[in-house]
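These notes concern the structure reproduced below.
The values are calculated or read from the model by the stated rules, or taken from the named source; none is laboratory data. Everything quoted here is computed from the prediction, not taken from an experiment. When we count neighbours, we look across all protein chains shown, and the Cβ atoms used for this are built from the backbone with ideal geometry, even at glycine.
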Protein chains: 2
Amino acid sequence: MLSEFDLIKRYFQRDRAPGPNTFLGIGDDCALLSPTPGKVLAISSDMLVEDRHFFAGADPFTLGHKCLAVNLSDLAAMGARPLGFTLALSLPVAEPDWLDAFSRGLFALADAHGCELVGGDTTKGPLNVCITIFGELAPGQALRRDAARAGDDIWISGTLGDARLWLAARRSEVALDAADHAATGQRMHAPTPRVALGRLLAEGGLAHAALDISDGLVGDVKHILAASRVGAVLDVDALPAGPALARQPVGLRRRFAAAGGDDYELCFTAPVAQRDAIVAAGTACGTAVTRVGSITAEPGLCLVDADGAALDLQLAGWDHFSPG
Amino acid sequence: MLSEFDLIKRYFQRDRAPGPNTFLGIGDDCALLSPTPGKVLAISSDMLVEDRHFFAGADPFTLGHKCLAVNLSDLAAMGARPLGFTLALSLPVAEPDWLDAFSRGLFALADAHGCELVGGDTTKGPLNVCITIFGELAPGQALRRDAARAGDDIWISGTLGDARLWLAARRSEVALDAADHAATGQRMHAPTPRVALGRLLAEGGLAHAALDISDGLVGDVKHILAASRVGAVLDVDALPAGPALARQPVGLRRRFAAAGGDDYELCFTAPVAQRDAIVAAGTACGTAVTRVGSITAEPGLCLVDADGAALDLQLAGWDHFSPG
């Protein structure tokens, strides 16, 4: 049986020098992290619980990826450069194969973003993964939710709805062929945090407000509207549906693109004058960007179809404590 | 039924301006924290799980205190000034009375240390509280585990073993009168993080190495010895037993003071020349400090009694994944 100290040493403590912003990592009471002078620290925590955020028996490699991806996505939505993260892990048993795969999935993504594991905690208990992530950015460049302005375009990165489509297939609500099943599963289990795009938007001063779409666009965009005291018109037919979702009937396509959840794409608002620069930023980092609506001075969210006619989709965002 | 957003707003989002080092708190993708120029950030995470770190049905006010206290204790052991923390909370149900008491216990301690809740996450699941805390200190002042030197005195703050005594009473291994039961329960459930002492030791350059004692002194001090590549002689009879433990037989007193766990006192090493300054620092912050041994060039930990004779106590530190 692995001891707690062996577990940390074997799977999470890496035999190499700390990164440029870390001068004390795992193994002391605290990690010591040094943001670049003149930058502020962006911090986010996400807790993922078995049977809630992932299924029992989830593949540990992709779980390791996803747990960090959802945190990197929060940094992306702020426009911050990733520095490091802490990992708190509650495990029913210390199972070597599981830990090996989980830590490989975690570190593959961490290394791709130069984001270092600086500390954490391990304990016995129901499976629970809590990551707190740290990034940095120049003060004033953060893509805050309260910064949208009337007249801004609303943009979406990548595509929406394929993760939700996978869930519908799992629940036997739709049938998918093998290729679409695999592709949508990849979107659900291994989302791509849009870190490079977020940084280009923030560092170039291209966007005003941003957030990452985790609970569905329609529910999430309301946080920008409320914080910025504005409204929006969203063209539901302009939403970039995922490749598998694009092959589904229009009703399903609209619902899953507008309110699917688990997309981890960025929704951001930007002045009309930045359209060309935003397209160039998307090209530079290989991430599609699509204009899907605009911010209005009038409060409220108005969903329209391709002809500009109002749509009533009966959508709701995800709420962890809702009776459903 | 409370929604997730109502829950955060009602119990955790406070109607007041952000603190001096925070310029964006709860409600965005990330919190923004600005350490004082020239300081480095000290970061620690602790995850507390029901039936492992606290009993089912634990009083929520003291649980809120304890979850933050164990994190503040990590900052204390580094000598850092608390800035803020994130809270990730998994709850089986959103129970208003529980949340009210938990948040009051949490904020009472947070306010006493000027430590602000800057963000976090809430979800449904088995009860689990994960706090990540941030402090700051001057580079070079951190009380690192690898900084002990041969000839250093070993010091302990406060008293040891009363939390372990409460656990023994709960397990009916010892009988305590009502006053001792209450006093030891207080030590177990509402430990006092030694933040002021840690800061005085670090900022005054008084100590070399430090850690906080959570798994028992004898197990924990070995982390300093290993990191610093030194040994130690500890006088077990010099250990400051808690008031209730001091009334117990000598065998129990030695075992629980040396290896009880849940003490959250500081163990630190310091040059002999700093003895008077350390006593003065203890007096200045109202925390007892006791010399209990010394660091040796020779590796290994030697426990001795008041006469200097070797003791074999058959002690072990706490390991979350040990078969026991």
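Hey, can you tell me all the residues within the stretch B:54-68 that are within 14 Å of chain A (Cβ to nearest Cβ) and within 17 Å of B:Ile131 (Cα to Cα)? Before the answer, list the steps.
Our first condition is that a residue be within 14 Å of chain A (Cβ to nearest Cβ); within the stretch B:54-68, this holds for B:54-56, B:67.
Listed by number, the residues that qualify are B:Phe54, B:Cys67.
Could you say whether any residue in the stretch B:86-103 is free of Cβ contacts under 8 Å to residues at least 24 places away in the same chain, under 21 Å from the mean Cα position of the chain (by Cα), within 16 Å of B:Leu68 (Cβ to Cβ) and in the same structural domain as B:Tyr11 (by TED's automatic domain parsing)?
No - not one qualifying residue is present in the stretch B:86-103.
Looking at (1) modelled with pLDDT under 95; (2) crowded, with 18+ Cβ neighbours inside 10 Å; (3) not assigned by TED's automatic domain parsing to the domain that holds B:His208, which one does B:Ala110 not meet, given that it meets all the others?
Among (1) modelled with pLDDT under 95; (2) crowded, with 18+ Cβ neighbours inside 10 Å; (3) not assigned by TED's automatic domain parsing to the domain that holds B:His208, B:Ala110 violates only (1).
Here are the criteria: (1) in a helix (DSSP H, G or I); (2) within 14 Å of chain A (Cβ to nearest Cβ). Tell me which single one B:Ala168 does not satisfy.
Condition (2) is where B:Ala168 drops out.
Exactly one condition in (1) in contact (Cβ under 8 Å) with a residue 60 or more places away in the chain; (2) facing chain A (nearest Cβ under 10 Å) is not met by B:Gly125; state its number.
Unmet for B:Gly125, out of (1) in contact (Cβ under 8 Å) with a residue 60 or more places away in the chain; (2) facing chain A (nearest Cβ under 10 Å): (1).
Identify, by number, the condition in (1) assigned to a helix (DSSP H, G or I); (2) modelled with pLDDT under 95; (3) among the charged types (D, E, K, R) that A:Asp180 doesn't meet.
The failed condition is (2).
On the basis of being under 16 Å from A:Arg187 (Cβ atoms) and loosely packed, with under 15 Cβ neighbours inside 10 Å, does A:Ala226 make the cut?
Values: under 16 Å from A:Arg187 (Cβ atoms): no; loosely packed, with under 15 Cβ neighbours inside 10 Å: yes.
When the stated conditions are applied, A:Ala226 does not pass them.
Looking at the stretch A:135-157, which of its residues are in contact with a Leu (Cβ under 8 Å, 6 or more places away or on another chain), outside any strand (DSSP E or B) and either within 30 Å of A:Leu252 (Cβ to Cβ) or among the aliphatic types (A, V, I, L, M) (or both)?
Within the stretch A:135-157, A:Ala142, A:Leu143, A:Arg145, A:Ala148 meet the criteria.
Considering only the stretch A:113-163, state which residues are crowded, with 20+ Cβ neighbours inside 10 Å and among the basic types (Lys, Arg).
Once the filter is applied, which keeps residues that are crowded, with 20+ Cβ neighbours inside 10 Å and among the basic types (Lys, Arg), the stretch A:113-163 yields A:Arg144, A:Arg145.
When you scan the stretch A:78-107, how many residues do you find that are surrounded by fewer than 20 Cβ atoms within 10 Å (Cβ to Cβ) and aromatic (Phe, Trp, Tyr)? Outline the logic, then answer.
Taking the stretch A:78-107 first, the residues surrounded by fewer than 20 Cβ atoms within 10 Å (Cβ to Cβ) are A:92-93, A:95-98, A:100-101, A:104, A:107.
Still in the list and also aromatic (Phe, Trp, Tyr): A:98, A:107.
Number satisfying all stated conditions: 2.
Which numbered condition in (1) of a type outside the set (D, E, K, R); (2) at pLDDT below 95; (3) assigned by TED's automatic domain parsing to the domain that holds A:Leu176 is the only one that A:Leu245 fails?
All conditions are met except number (2).
Quick check, is A:Thr132 assigned to a strand (DSSP E or B), of a type in the set (Ser, Thr, Tyr), within 11 Å of another protein chain (Cβ to nearest Cβ) and more than 18 Å from the chain's Cα centre (by Cα)? First the steps, then the outcome.
Details: assigned to a strand (DSSP E or B): yes; of a type in the set (Ser, Thr, Tyr): yes; within 11 Å of another protein chain (Cβ to nearest Cβ): yes; more than 18 Å from the chain's Cα centre (by Cα): no.
When the stated conditions are applied, A:Thr132 does not pass them.
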